[in-house]
Structure formats: structure tokens, C-alpha cells
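Structure first, then comments.
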Amino acid sequence: MHRAKNALEWVMQTLFLLCGIVAVAFVLFISLYLLLSGVPAIREIGLADFLFGPVWAPTTTTAEPSYGILPFILTSVYGTAGAVIIGVPVGLMTAVYLAKAADPRVAALIRTAVELLAGIPSVVYGLVGMIVLVPAIQKGFSLSSGACLLAAMVVLAVMILPSIISVSETALRAVPEEYEQASLALGATKLETVFRVSLPAARSGVATAVVLGVGRAIGEAMAIIMVAGNVPNMPNLFTSVRFLTTAIASEMSYASVGSLQRQALFSIGLVLFLFIMLINVFLNVCIKRKKGK
């Protein structure tokens, strides 16, 4: 009997190890594939011209093709930053309300709505944004077209709310009650306890929620194509723009196999991959430093 238990434990440990190896292998395979597919175009175009070129015109017939992705990079940075600025405060305050102040019945209703929000396909967000938000921005700001960076920011902010709310609420509920009881016993109000004790204690979980939200915002494509205009302009709040993800999604279907345009699209994927990795590493380092303090 004891040998059978040991054998079963060894089998399960081996299975878990294999699952972990498979996960790491997938990441390494994707990284290697992007490197092999993206580096040739960067070599041919030139790293500086590719990253800092202000014009993307791979199919032009009146001039020499241009493969500058600076507008895409800046648009992705501004769009993601705007979505985080809008979405994080709303999501965090909602999580605080659900974890510390809401009536159980009201909290259950809101959690159900958040779960439904998380399950909505991205194309539906884009469709609603295109039908409702884009015309509203066009009329509200007297624009020729409401498909712009602002619309993309708002849609992305709504899309990252479920991740921020769910993870932040879980982190807040995991804070030991003794912390809050000690704060209240020292004379702090409930509001002061939440924002000066509970939130700082849950900052690692909140930071994880922000990381998930940033990853969702950077990687979104379908909804953004429908509300941002998909034009390779330098970013402006009220002009049509194109993100890194939408550049790949919109041109990959007609870029001929083996062409420089197709290779450049793989290079954009490589830049996007490295961009997300750098953000995750930066935020994780910040979290560890705060924990060390």
C-alpha cells in the first residue's frame, strides 16, 4: 500500500513537471519563431528606420516603400496608458466597494455583471463601440469621424475592468482581518483603514491586476480595428490611428508570402512581444522592491 502511494505520488509529480516543461517550451518556441521570422526584415530595413520611421507605406506605388512603425508604437503606448488611467481607478474603486462596503446581495449582483463583462467577445465590444461610442464622439466633438484614439482608449478601459476588479477584490479579501482591527482600534476611520492599511497590504495583488489589464489592452486587436479608424497616423486623441496589433491583423491577410511586407509584420509581432515582456519585467521588479521595503 505504501509503495503504491509512493508510485502514485511520483507519477503525479512527473506529470506536473511535464506540464511545466510544456508551458516553458511553448514560450521558448514562440520566442524563437518570432526572432527567426522578425529579425531578417529589421536587418534589411535597418533598426533605426524600422523603429523610428514616421511613415508606414509598404504598398505605395508612387514612391519607395516605407516601413517605419513609430506611429504604431506611440499609439499602442498612448492607447494603453489612457486605458489604464481610465480603467484602473474605476476597477480598483469597484473592488474596494465589493470587498469592504457592499451589501452581500448587491455585491453578488455586481460580481455577476463583472463575470458577464469578462465573457463578452472582443468583437462585441468593438461592435457596440462602433455603433454607440464612435457616433457619440463624432457629434460631441464635431469631428469628421469618431473613430479615433479616444474611442479606442474608452473601449480598452471597459475591456480591462473585469480583470482589475476580480484580481483586486481577491487581493483585498486576502488581507488579514487583524490588520484592519488594529487600525480601527487605534482610532482610524473605516475609510482610512481601507486606503492606508488594506490597499497597501494588497498592493502586490493590485499590481498583478494592473499587469493583466495592461497585457489585455496591449494585445487587443479586433475591437480596436472597429473603433480606432485603422489609419497609420501619428497618435492624436481625435484622429484615426493604428495600433501594433491592428497593423498585423489588417495587413497579414494580403501580404504575399516571402515579401518584405510580410516579414515586417512578423517584426512588428516581435516588437510587440518584447514590449509586453519589458512591461511585465518592469512591474514585477517594482513589486519586489516594494515588498523588500
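The values are calculated or read from the model by the stated rules, or taken from the named source; none is laboratory data. Just so it is clear, the model here is predicted, and its values are computed rather than measured. Virtual Cβ from ideal backbone geometry, glycine too; neighbours counted across all protein chains shown. Only protein heavy atoms, including side chains, enter the accessible area calculation; ligands, DNA and RNA are left aside. Shrake-Rupley method; radii C 1.70, N 1.55, O 1.52, S 1.80 Å.
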If a residue must be open to solvent by 70 Å² or more (accessible area, probe 1.4 Å) and not hydroxyl-bearing (Ser, Thr, Tyr), how many such residues does the range 23-51 contain?
13
Which ranges mark the helices (runs of 4 or more DSSP H) fully within the range 217-293 that have 1 or more residues being at pLDDT below 85 and open to solvent by less than 50 Å² (accessible area, probe 1.4 Å)?
260-292
Apart from one, (1) in a helix (DSSP H, G or I); (2) of a type in the set (S, T, N, Q); (3) touching a residue at least 24 places away in the same chain (Cβ under 8 Å) all hold for residue 13; the odd one out is (3)
Among the residues of the range 60-70, is any crowded, with 16+ Cβ neighbours inside 10 Å and assigned to a helix (DSSP H, G or I)?
yes
Condition set loosely packed, with under 15 Cβ neighbours inside 10 Å and modelled with pLDDT under 90, scope the range 73-112, selection nearest to residue 232 (Cα to Cα): answer is 101
Evaluate the range 163-180: report whether one residue or more is buried (at least 21 other Cβ atoms within 10 Å of the Cβ), over 16 Å from the mean Cα position of the chain (by Cα), under 19 Å from residue 111 (Cα atoms) and not acidic (Asp, Glu).
yes
Confirm whether residue 147 is crowded, with 20+ Cβ neighbours inside 10 Å, over 13 Å from residue 88 (Cβ atoms) and in contact with a Gly (Cβ under 6 Å, 6 or more places away or on another chain).
yes
Test residue 206 against the criterion of being touching a residue at least 40 places away in the same chain (Cβ under 8 Å), under 17 Å from residue 77 (Cα atoms) and open to solvent by less than 50 Å² (accessible area, probe 1.4 Å), and give yes or no.
no
